[in-house]
Amino acid sequence: MADGAWTSAYDTGDQPPTVKIGNGTGSTPTLMGFGDGEDKLVDVLSLGPVNEPGIGCQRFEGDPKAHRWHSVWARGDVVSISMVPSVSSASGIVSVNGYYKTGWELTGLDWMTGKTVQRVEFGKGNLGNGAYAIVEYAPNGDLIFNSVGGPIRVHLKDPTGA
C-alpha cells in the first residue's frame, strides 16, 4: 500500500442498496479524524438494505380561507425512501416505493383514506428500487415501474375485483 493510503472494513449489508448494483451503501465513505486516536470511517447515506429506513407517510390538505393545513390521514407503517410519491387522479392511488424486511415494494395507498389498496413486492434484489423515477401505468392498467435496472412491466389485478 502506498504511503498515506488507508483501508477500513465496514458493514455493507446483505443486498445492494439504493441506486447500485454491487454491495455497499451507494455513498463515498469518508475518513474522519487525525492524531494519535483511531480514525473513524463515516458513511453518510445508508438507508434501505443496509440500515433500517425511517417510516411514515401522511397526507395534508390546505384550507385557504383559514390559511392552515390539517392532516387527512397518517400511516406509521409505510416506507417511502426511493421515489417521490406520485398520485394518479384517475385511480385515486398514491404510489410510494420503499424497502421492507421482505425487500423492495411499491405500495398503493387510497388518496382519500390512506388504506393500502395495492402492493407489488419486488424482493431483495435492486430491481425493485425506483431510483427516484416516476411510476407509469399502461392503457390496460399494467404498472410500468422504472427501476434502477430499467423499466419493468407488471400486470396488476383490479383492486376492486371487477
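Scanning the stretch 81-105 for residues that are touching a helix residue (DSSP H, G or I) at 6+ places or on another chain (Cβ under 9 Å) and assigned to a loop (DSSP other than H, G, I, E, B) turns up just one, Ser82. Only one of the numbered conditions (1) loosely packed, with under 15 Cβ neighbours inside 10 Å; (2) assigned to a strand (DSSP E or B); (3) modelled with pLDDT under 90 is violated by Ala5, and that is (2). Within the stretch 106-129, residues that are free of Cβ contacts under 8 Å to residues at least 24 places away in the same chain sit with their Cβ atoms under 8 Å from residues that are hydroxyl-bearing (Ser, Thr, Tyr) and part of a loop (DSSP other than H, G, I, E, B), at 6+ positions apart or across chains, in these pairs: Glu121/Thr102; Gly123/Thr102.
The values are calculated or read from the model by the stated rules, or taken from the named source; none is laboratory data. What you see is a predicted model; the values in this text were computed from it and never measured. In this analysis, Cβ positions are derived from the backbone assuming ideal geometry, glycine residues included, and neighbour counts consider all displayed protein chains.
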